[in-house]
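Computed from the coordinates by the stated procedures, all read-outs in this text should not be read as laboratory data. Worth saying up front: this structure is predicted, and the values here are computed from it rather than measured. FYI the Cβ positions are ideal-geometry reconstructions off the backbone, even for glycines, and counts take in every protein chain you see.
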């Protein structure tokens, strides 16, 4: 009895559908299917596996493309970081369900081409591929050319630059006029002055961090005139230039100016005002200057007496579908990505403008990164060989061992070279 | 259908889905790993080579594998006793407060970290332990003590990861001990007390034998959790570093398989781990179970 009274008094009334309402709804749905930008049943539906979720500018690029109603609808599928996305792609390909396109990290270049079968865009359609690539700076084409195949768009490109906490800098009495081309002598001297001036400061704890990873150490080696892997594909760690670069890289850690930590801890310390200077990805130019550190930016430090040879990082947008129709549809999406409209939307994320379109810098703090791009950027190390992906981890471990004085720089380079040679020869 | 046949079929229908999922998701991958460990195959290439024991030999010769294996032993030596004995001590103290509001508060507070996600715990601890400006170093500095590099120091990384793993997972064992202690009849405790038994004597001669099935269960499951639970903390807190100093075998396996796509070697590591865990578990059953009192 009680139950009955509850159901009759509390349940909301059922919605009433009239025949007129149903007809009106159907007509509206039919009409909107002809409006531009709406998905149609005949559209080719593509999946792009990416490292960005729906809240990131990449989704806006996808949405803008879909709104054009070109007969291709793209779904942005967030698949985690580079490793997770690549693992999922591998599993998908093994199961016969490859993603049509995938945002692929530079370091996976050989793996993408040789194992995952990233398509040569020229093989899909030579004329369209050439037209797409005309939207990009010619100097970047070699970065997306693996085994003579054009394996994608140079999509997201960054480069390490120097971020300085402007408040700590001012409190230490250092000049706000930063050199156009800073070098390690200037940077490390500034670190020493910061340390001397800010002892006992409420937030300051450490002068600088150069990022304990394979990427910025590569910058140091190249700025000293060396290579990790030279342009001929040979390991080149046991050279005088590589040693000079790594000695300059490790010097502040050995001197106590730098406490090597992970990337996320370095970022947290910088944003908290505990770290005065850090060199890291130019993508931080969209966050660090607006944060409590009020960061200002400069180019990555060069080595006095050496010409700079800075490297880039990021990813490329590659096609993996083996079906002809879908591959053509994928090119349609790449055409939009390469267009000025696509690049304008994409520029919000803080990557470098790799295109030939005139796109204003997202903010003035990106200027040093843009200048480095104008100077010319080499690729992030793409590790060759069947076991090449292990190369990055091995090199990163040896970088840490050299930074923490577990081994000397000369010994570290020798042992890293020996271990890498085994892996890369496999 | 005959009633007798129905009677025989019904239990199979009940356990069928569970058995099927165990076969598909546990034994299936185990067999696949065994097969992959003797093949030279990247899952995609039409060329599949037979590698025999090559992957096993290659893995055993690797310095990073030996480091991961040694670290796994160290984690077990540090964490297994800690995760069995310390939760028992806390459980005994809280059991002593049973009936009071403080017992509920302590039990909840100590269990709380268990339900925190590993990713959240790892990030929170990386802030606390941040060598540049983490809370721990700020406290050390306030007392004039030297600052530490914690998990970024190759010599301390294992201890830091162990500490976070212990914090994260000891609550579950404590709860299991508490549940076991609640089953000990108070009449026996009272009788022993009247007979003049001391606290230690009562614990070792009365309480411990009575809760020995739980003790054995905790001993077996803690081994698995120490091998497994660490991976989440390692991944978020240290990434196996610095220079591989905090990695363990399971993290190493994951890195080889899904980071570097070396499925043959990753599967060889998996097979060796399964063999080692089976051996240790068999030893636990052979040596310890006879001391367990189920009645």
Checklist line | Residue order, fewest to most beta carbons within 10 Å, for A:323, A:171 | finding: A:323, A:171
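Within 10 Å, count the other beta carbons around each residue, average over each peptide in B:268-275, B:59-66, B:8-15, A:270-277, and list them highest first. Intermediate values should be presented prior to the final figure.
Values: B:268-275: 19.9, B:59-66: 16.5, B:8-15: 10.0, A:270-277: 24.2.
Listed from highest to lowest mean packing, they are A:270-277, B:268-275, B:59-66, B:8-15.
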Margin query: Nearest 5 percent is fine: what portion of the DSSP beta bridges confined to the protein assembly as shown is antiparallel?
Written below: 65
Note to self: Using the Kirkwood formula on the Cα atoms of the range B:57-291, what hydrodynamic radius do you get, in angstrom to one decimal?
What the structure shows: 19.8
Check: Using r as the Cβ-Cβ distance of residue B:47 and residue B:112, and R0 as 51 Å, what FRET efficiency do you calculate, to the nearest 0.05?
Finding: 0.45
Next item on the list: May I ask for log10 I(q)/I(0) of the range A:67-129 at q = 0.18, 0.25 Å⁻¹, from a Debye sum over the Cα atoms as equal point scatterers with solvent left out?
Entry: -0.78, -1.16
Next item on the list: Once you have a ≥ b ≥ c as the square roots of the Cα gyration tensor eigenvalues for the range A:283-426, tell me rounded if a/c is under 1.5, and otherwise prolate or oblate according to whether a/b is larger than b/c.
Entry: oblate
Check: Please state the relative contact order of chain B as a whole percent: Cα pairs under 8 Å, 6+ residues apart?
Finding: 28
Next item on the list: Could you state the orientation-averaged shadow area of the convex hull built on the Cα atoms of chain A, in nm² to one decimal?
Entry: 29.7
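Equivalent ellipsoid semi-axes for the range B:33-121, as square roots of 5 times the alpha carbon gyration tensor eigenvalues: give them largest first, rounded to whole Å.
Working: eigenvalues 452, 59, 22 Å².
After diagonalising the Cα gyration tensor, the semi-axes are 48, 17, 11 Å.
So what is the calculated 222 nm ellipticity per residue for the protein assembly as shown, using -39500 (n - 2.57) for each DSSP H run with n of 4 or more, over all residues, to the nearest 500 deg cm²/dmol? The partial results should precede the final answer.
Details: 29 runs with 370 residues, N = 721.
Rounded to the nearest 500, it is -16000 deg cm²/dmol.
Set the Förster distance to 30 Å, then compute FRET efficiency between residue B:80 and residue B:21 from the Cβ-Cβ distance, nearest 0.05. Could the numbers behind the result be given before it?
Details: r = 29 Å, r/R0 = 0.97.
Efficiency at R0 = 30 Å is approximately 0.55.
Kirkwood hydrodynamic radius, the range A:116-269, all distinct C-alpha pairs: what's the number in Å?
Details: mean 1/r = 0.0534 Å⁻¹.
That comes to 18.7 Å for the range A:116-269.
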Item checked: Span from the the range B:83-127 Cα centroid across to the the range B:166-242 one, whole angstrom -> 12
Notebook entry, point to check: Under Stokes-Einstein, with the Kirkwood radius over Cα pairs standing in for Rh, what whole-number D in µm²/s applies to the range B:83-173 at 37 °C and 0.692 mPa s?
Noted result: 222
Checklist line | Kirkwood hydrodynamic radius over Cα pairs of the range A:269-336, then Stokes diffusion coefficient at 37 °C and 0.692 mPa s, in µm²/s | finding: 205
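Quick one, what does Rg over Rh come out to for the range B:198-295 if you take C-alpha atoms and the Kirkwood Rh?
Values: Rg = 18.4 Å, Rh = 15.9 Å.
Over the Cα atoms of the range B:198-295, Rg/Rh equals 1.16.
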Check: For the pair residue A:356 and residue A:286, how long in nm is the line joining their label points, each one 7 Å along Cα→Cβ?
Finding: 2.6
Item checked: Simple spin-label estimate for residue B:192 and residue A:141 in nanometres, 7 Å along Cα-Cβ -> 8.4
Next item on the list: Just report the Cα centroid separation between the range A:395-413 and the range A:104-136, whole Å.
Entry: 36
Margin query: Please state the shape class of the range B:1-154: rounded when a/c is under 1.5, otherwise prolate if a/b exceeds b/c and oblate if not, all from the C-alpha gyration tensor.
Written below: oblate
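Taking the number of other C-beta atoms within 10 Å as the exposure measure, put A:104, A:279 in order starting with the fewest. Don't skip to the end; give the middle numbers.
Values: A:104 29, A:279 24.
Result, fewest neighbours first: A:279, A:104.
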Next item on the list: Sort B:277, A:423, B:234 so that the residue with the fewest other Cβ atoms within 10 Å of its own Cβ comes first and the one with the most comes last.
Entry: B:277, A:423, B:234
Margin query: From the convex hull of the Cα coordinates of the range A:221-325, what is the mean projected area in square nanometres?
Written below: 10.7
Next item on the list: Evaluate the Kirkwood expression for the hydrodynamic radius of the protein assembly as shown, namely the inverse of the mean inverse distance over all pairs of different C-alpha atoms, and round to one decimal in Å.
Entry: 29.6
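What is the mean number of Cβ atoms from other protein chains located within 10 Å of the Cβ atom of each residue in peptide A:255-265, rounded to a whole number?
Values: counts 0, 0, 0, 1, 7, 4, 11, 9, 1, 7, 11.
That works out to 5 on average.
Against the 2.2 N^0.38 Å scaling, with N counting residues, where does the range B:232-289 land? I'd like the Cα-based Rg ratio to two decimal places.
Values: Rg = 14.0 Å, N = 58, 2.2 N^0.38 = 10.3 Å.
Computed over Cα atoms of the range B:232-289, the ratio equals 1.36.
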